[in-house]
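Trainee: Okay, handing you the structure first.
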Number of protein chains: 2
Amino acid sequence: MTPARVTLQDVAARAGVSRTTASFVTSGRQDMRISAEAAERVIRAARELGYRPSLLARGLRTNLSQTIGLISDVVATEPYAGDLIRGSMATAVRAERLILVGESEGDHKLEEQLIHSMLDRGVDGFIYAAMHTREARLSQVLRGHPVVLLNCVSKVRGIPAVVPDEYAAGAAAAGVLLHAGHRDGIYLVGETPAHVIAAAERSTGINDALSMAGAQLAGRIDTLWWPHDSYAAVRAFLAAGQRPKALICLNDRVAFGCYQALADVGLAIPDAVSIVSFDDSDLASWLRPQLTSVAIPHFELGRRAVDLLLSGARTGPVVRVPMPVHERGSVGPPQA
Amino acid sequence: MTPARVTLQDVAARAGVSRTTASFVTSGRQDMRISAEAAERVIRAARELGYRPSLLARGLRTNLSQTIGLISDVVATEPYAGDLIRGSMATAVRAERLILVGESEGDHKLEEQLIHSMLDRGVDGFIYAAMHTREARLSQVLRGHPVVLLNCVSKVRGIPAVVPDEYAAGAAAAGVLLHAGHRDGIYLVGETPAHVIAAAERSTGINDALSMAGAQLAGRIDTLWWPHDSYAAVRAFLAAGQRPKALICLNDRVAFGCYQALADVGLAIPDAVSIVSFDDSDLASWLRPQLTSVAIPHFELGRRAVDLLLSGARTGPVVRVPMPVHERGSVGPPQA
DNA sequence: GCGCACTACTAATCCGGTTTAGCGACGCCA
DNA sequence: TGGCGTCGCTAAACCGGATTAGTAGTGCGC
């Protein structure tokens, strides 16, 4: 049934050496003296037999499993966050690692169970990912194990973390409007609760960039980050007689609702109103006109986190990954 | 640094028994006679010490790692397919398993490398997932290992497989229109290449359901499954003077393009044109009016695949998972 | 009072690697 | 020619469990 595995013993026998010697060769240790000739025989035997070392056996002895645990709250729930896993995975594979995934669904008990399960399997370290950039309370179970935070930060200890550079992203979004000539009538659409770091930092970046140019937000349209909510909020805003010249939406879904509300009252994008947004989801390129949006570099975030973990950093500053602006058709010069 | 693990030896010592006895108790084997009293002592000692067996060590001996390998082509790329991983994960965790993920990106070499890497880690079986329902050519490396196909089928061997019931879904979509009173002017939007099983089966289901009701498709609007393409195709269709009464879109993205095209010429949904679709992505509920769509049960698919794999089935029929219809506001009675 | 079955354990081995300790052979030097 | 260091390699122990093959102790029948 299951194909029998070739063991180090088989390789050693074929090469006419001891298991020990074969081990030294296959594990590539330099500090033990093996003649080039013997090494060559071992390598050949291994190749001919299709030898692959059992990482279970190796890990038992070395306490290294070449495996990384990825714990997330709800990563897979968010449509595009799969890229976060992809980035981690691709990077891990390139370093001969594999990734064990676990989703805690925000449940602390489940999270601890997952961490234990992973430790039972000897993972070499953890990536602790949050969907929405926020402050994380790390489980005690992780204490003493290598951890890199992904898309979240922790104040208690100087744990290495990788997060998108939301501040710069906010500044960039504002910059797009400024560059198009906008100075007033710019509104921020979307609520900015304090615990959502992304919102707060984007907002700060926007304000700073605007004031640096001698401008400022004309106001804020408060709404949840969903199409229905922003649609209703913007409809009400317009119904009150307000006529914005540009909207900065805190994500693409919010922007979608804005598109719908503006269409209802016949305000053209970008002629009457310019729109910039954050996320750069697929939606952004499906809208008409296509939406200018600042991307969350999910793949890159995952990549960086794995790199950081594998680098052996156990403590360090927060790595901020740039968020690229994708300029499309939703921004134009302000109406004369 | 890393907390020292409690071993079976520690537990045995504390309980005053041999490692063997402790092993019998912790691994729950009934066939060996252990007094209730001794068992109790071992259990207590294990609890007090926080003992957790090393699955590396156990796996080395038993050849069972309690770990499943999930190989996919591009699962994480598709926004909502993360649910597929989630469903597998949640189900696996409930059975004390963890999932090792790997994405082949369609690259056969990479796929083999991933499979090898997983085997090196002693995975007990594989879930081989495809993003789009299709026929899969299984790597030779998998031969002899438990495999369940997810969202794909294989003709060569009778490998267990889990797929969405696309035929029934097609019939259901047509049924929604029939139920609303539609009999003619119904068009299918989206190309149906032969190798895309989902498309072919949906199409057959639609045709069968229509003809069962004495109706039939008025025609087909050929287009790639993307908003821009369907937008252009439907615009051209309408420009040619055609006036459909209902559109069956092969996915939500296609439907999105239809919405845009219909809006351009002032045809209201659902008053002038009814629309049903497949996928039930978030987009469906964001559109105005909300889109009636047949859902792909990603989570359930993942769940079933893991269940099937853990059930020990090495061969079996294709499991077809129902695709639930989510009725919303995009379907109405045909215009008088 | 002996053989036998049964209970309740345990010593020893195994899984497949890594790692430590050490062993012959050889060359060099005094 | 004996001591010593180095080279090239291996025996044995180890990692932490599971499993096989017993082994004491007890009760029972005859």
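Trainee: Quick one: label points 7 angstrom along Cα→Cβ at A:ARG243, distances to the other copies in nm, smallest first?
Mentor: 3.7
Trainee: Now a separate question. List the residues, sorted by chain then number, that are 5 or more residues from B:HIS326 or on another chain and whose placed amide H is less than 5 Å from its amide H.
Mentor: Close amide H contacts, sequence-distant or interchain: B:SER293, B:VAL294, B:ALA295.
Trainee: Still on this structure: Let's test the formula: R0 of 22 Å, r as the Cβ-Cβ distance of A:GLN140 and B:GLU40. What FRET efficiency results, to the nearest 0.05?
Mentor: 0.15
Trainee: While we're here: Throw me the Rg/Rh for chain B, computed over C-alpha atoms with Kirkwood Rh, two decimals.
Mentor: On the Cα set of chain B, Rg over Rh gives 1.15.
Trainee: To the nearest µm²/s, what D does Stokes-Einstein give for the protein assembly as shown at 10 °C and 1.306 mPa s, using the Kirkwood radius over alpha carbon pairs as Rh?
Mentor: 57
Trainee: With the cut-off at 18 Å, report for the stretch A:147-258 the share of all Cα pairs above it, as a whole percent.
Mentor: Every Cα pair in the stretch A:147-258 considered, those over 18 Å come to 53 percent.
Trainee: Send over the Kirkwood Rh of the stretch B:28-86, from the inverse of the averaged 1/r over different Cα pairs, rounded to one decimal Å.
Mentor: Value: 15.5 Å, from the Cα pair sum.
Trainee: Show that you can apply the helix-only estimate: for the protein assembly as shown, add -39,500 (n - 2.57) for every DSSP H stretch of four or more residues, divide by all residues, and state [θ] at 222 nm to the nearest 500.
Mentor: It lands at -12500 deg cm²/dmol.
Trainee: Quote the Stokes-Einstein diffusion coefficient, in whole µm² s⁻¹, for the stretch A:183-336, based on the Kirkwood radius over alpha carbon pairs, a temperature of 25 °C and a viscosity of 0.890 mPa s.
Mentor: D, rounded to a whole number, is 150 µm²/s.
Trainee: For the stretch B:38-142, what proportion of DSSP beta bridges, expressed in % and rounded to the nearest 5, is antiparallel?
Mentor: 0
Trainee: Let me ask you something else. Of all DSSP beta bridges located in the protein assembly as shown, what percent are antiparallel, nearest 5?
Mentor: Percentage antiparallel, nearest 5: 10.
Trainee: Pick out which of B:GLY185, B:GLY175, B:GLY266 has the largest mean-square fluctuation in a Gaussian network model of chain B, springs linking Cα atoms closer than 10 Å.
Mentor: B:GLY266
Trainee: Please work out how much length the chain gains when fully extended from B:ASP264 to B:ARG220, using 0.36 nm per residue of separation minus the C-alpha to C-alpha distance, in nm with one decimal.
Mentor: Once the chain is fully extended between B:ASP264 and B:ARG220, it gains 13.8 nm.
Trainee: Something else about it: Hey, what's the Kirkwood Rh for the stretch B:127-166 if you take every pair of different alpha carbons, in angstrom?
Mentor: 10.3
Trainee: Ignoring solvent entirely, what values of log10 I(q)/I(0) come out of the Debye formula for the stretch B:32-150 at 0.22, 0.23 Å⁻¹ when each Cα is a single scatterer?
Mentor: Treating every Cα as an identical point scatterer, log10 I(q)/I(0) equals -1.27, -1.36.
Trainee: So the label point sits 7 Å from Cα along the Cα-to-Cβ vector; using that for B:GLY266, what distances do you get to the other copies, in nanometres, sorted shortest first?
Mentor: Here the equivalent label points are 1.2 nm apart from this one.
Trainee: Turning to a different aspect of this structure: Using alpha-carbon positions, what is the distance between the centroids of the stretch B:1-48 and the stretch B:293-323, in Å?
Mentor: Cα centres, the stretch B:1-48 to the stretch B:293-323: 38 Å.
Trainee: Further question on the same structure: Specify the residue with the greatest mean-square fluctuation among B:GLU191, B:GLU300, B:GLU40, computed from a Gaussian network of chain B linking alpha-carbon atoms under 10 Å apart.
Mentor: Fluctuation is largest for B:GLU40.
Trainee: When DSSP beta bridges are limited to those with both residues in chain A, what percentage is antiparallel, rounded to the nearest 5?
Mentor: Of all bridge pairs located within chain A, approximately 5 percent are antiparallel.
Trainee: With the label 7 angstrom out along Cα to Cβ, how close does B:GLU105 come to the same site in each of the other copies, in nm, nearest first?
Mentor: Those label-point separations list as 3.3 nm.
Trainee: If the cut-off is 30 Å between C-alpha atoms, which lysines fall inside it for A:LYS109, apart from same-chain ones fewer than 8 positions away?
Mentor: The qualifying lysines are A:LYS155.
Trainee: Once every Cα of the stretch A:84-167 carries one equal point scatterer and solvent is ignored, give the base-10 log of I(q)/I(0) from the Debye formula at q = 0.25 Å⁻¹, two decimals.
Mentor: Evaluating at q = 0.25 Å⁻¹ gives log10 I(q)/I(0) of -1.52.
Trainee: If you place +1 on the Cβ of every Lys and Arg and -1 on the Cβ of every Asp and Glu, how big does the dipole about the Cα centre of the protein assembly as shown come out, in debye to the nearest 20?
Mentor: Here the protein assembly as shown has a charge dipole of around 2440 debye.
Read-outs throughout are calculated quantities, based only on the coordinates presented, and are distinct from any laboratory measurement. Computed from a predicted model, the values in this text were never measured in an experiment. Cβ atoms come from the backbone with ideal geometry, glycine included; neighbour counts cover every protein chain shown.
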